[in-house]
Amino acid sequence: MILALWVAWLASWVVAAFWSNRTEKGSGIVAEIAFRTVFWASATLLLAPFSYSRYYAQVQFWHLNAALEWILVALTATGFLFVWWARIHLGRLWSDWLTKKAGHHVVDTGPYRLVRHPMYLGLIFAAFATAIEKGTSYALFGAAILTFGFYTKARREERFLRVELGEDAYDEYARKTAMLVPFTGRPPN
């Protein structure tokens, strides 16, 4: 069921890529390709149905009962719903690549009031719920790599947005809103 959620999210995400404003400026392609390499490597570790063989060793740390597995399926779905809430709220300013869109501005409402990168948070949440449900060393490692990849991309995105949208505007938003963990940012003065 969790694999079906990931496939459905990915398919819907590809379709939603057509719902976006015109790109005015892009960022470095090398960093984007590096991020995608990290993303797909972590997704493979997270979702691939590895089994024991002589070529690699995998540890399964636990086996969960059906009720806990369904709770983790629900938590994975919750992560994807959070991602979609952020995507719909961002609207036509969204881009899969690090770009400045026509009419781009700092969005600080909806899920963007909680964290500056709600889509990344939702995917990290879904990844860890998936990894816990699988309970394997590969899945947990995949979720950790995905977290590192999104953290790195978020830092790069913030540098880009500070330049493109204005350091003052973005820094004001960053002062009052946490990067990835809700409620850890400083309250507004």
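The values are calculated or read from the model by the stated rules, or taken from the named source; none is laboratory data. As the structure is a computational prediction, the values presented were derived from the model and not from experiment. Quick reminder, even Gly has a Cβ in these numbers, built from the backbone with ideal geometry, and neighbours come from all protein chains shown.
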Looking at region 90-110, is at least one residue free of Cβ contacts under 8 Å to residues at least 40 places away in the same chain, hydroxyl-bearing (S, T, Y) and in a loop (DSSP other than H, G, I, E, B)? yes
Taking region 1-59 as the region of interest, how many residues are at pLDDT 90 or above, basic (K, R) and loosely packed, with under 11 Cβ neighbours inside 10 Å? 0
May I ask you to say which residue of T130, T184, T152 is under 19 Å from G79 (Cβ atoms) and in a helix (DSSP H, G or I)? T130
In region 96-113, what residues are in contact with a strand residue (DSSP E or B) (Cβ under 9 Å, 6 or more places away or on another chain) and crowded, with 17+ Cβ neighbours inside 10 Å? L98, T99, K100, K101, H104
State whether one or more residues within region 129-140 are among the aliphatic types (A, V, I, L, M), closer than 30 Å to A66 by Cβ and touching a Gly at 6+ places or on another chain (Cβ under 8 Å). yes
